[in-house]
């Protein structure tokens, strides 16, 4: 049976680095798509779509993450890792205090992951860039909204300890083998 594993956490917590290591180790991975959505909007003249039109941004993310989930479902891979999952979308809307359609929660309940691993805010590795505009303090706050959103859907969240990328990947794989 295929395992869909999602990595969550605020911006700059090391998720993408972990995913790159899993790719290097031969695992199938679904990358974070918010950078792609942000860069496309910037090409279309919208500097920060998430800030300027949060509902549109979130709808595009929801569509993209649903598509990733469906693509993963067609794969023969035993384990597929996701850099963020569908509940992230409404978690960010909650963080902003924005209203959103019920479909956001409905899709979070429809497309389920087998395990959720959370990378906590870690100031030592945090960096902002062109697509990651949040401060470290905002990353900490976002982290709490992510945890709440996933717990509301019914997930048991497994905390990934700080350490090297390799150590963090090893922890996740060990947890999967021993069904934490």
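Results, tabulated for the structure shown:
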{"item": "Extreme residue, nearest to the chain's Cα centre (by Cα), among residues of segment 8-20 that are closer than 11 Å to residue 84 by Cα and at pLDDT 90 or above", "result": "8"}
{"item": "Out of 5, 23, 79, sole residue that is surrounded by 15 or more Cβ atoms within 10 Å (Cβ to Cβ), more than 15 Å from the chain's Cα centre (by Cα) and farther than 25 Å from residue 137 by Cα", "result": "79"}
{"item": "Neighbours by Cβ (under 7 Å, 6+ apart or cross-chain): first from segment 76-98, over 29 Å from residue 177 (Cα atoms); second modelled with pLDDT under 95 and not in a helix (DSSP H, G or I)", "result": "90/100; 93/100"}
{"item": "Count - residues of segment 21-43 that are at pLDDT below 95 and in a loop (DSSP other than H, G, I, E, B)", "result": "3"}
{"item": "Some residue of segment 122-133 being crowded, with 18+ Cβ neighbours inside 10 Å, over 23 Å from residue 56 (Cβ atoms) and at pLDDT 90 or above", "result": "no"}
{"item": "Among the residues listed as 56, 70, 61, 51, the single one being crowded, with 16+ Cβ neighbours inside 10 Å and either in a strand (DSSP E or B) or at negative phi (or both)", "result": "61"}
{"item": "Residue that is at positive phi and outside any strand (DSSP E or B), where the choices are 163, 85", "result": "163"}
{"item": "Some residue of segment 171-178 being at pLDDT 95 or above and either loosely packed, with under 14 Cβ neighbours inside 10 Å or farther than 20 Å from residue 29 by Cα (or both)", "result": "yes"}
{"item": "Long-range neighbours under 6 Å by Cβ, at least six apart or interchain, first residue under 19 Å from residue 10 (Cβ atoms) within segment 154-179, second modelled with pLDDT under 95 and part of a loop (DSSP other than H, G, I, E, B)", "result": "158/180; 162/122"}
{"item": "Only one of 100, 150, 113 that is under 18 Å from residue 61 (Cβ atoms) and assigned to a helix (DSSP H, G or I)", "result": "150"}
{"item": "Candidates 64, 97, 12 - the one that is touching a helix residue (DSSP H, G or I) at 6+ places or on another chain (Cβ under 8 Å) and closer than 21 Å to residue 139 by Cβ", "result": "12"}
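The values are calculated or read from the model by the stated rules, or taken from the named source; none is laboratory data. Everything numeric here is computed off the predicted structure, so don't read it as measured data. Here Cβ is always computed from backbone atoms with ideal geometry, including for glycine, and neighbour counts include all displayed protein chains.
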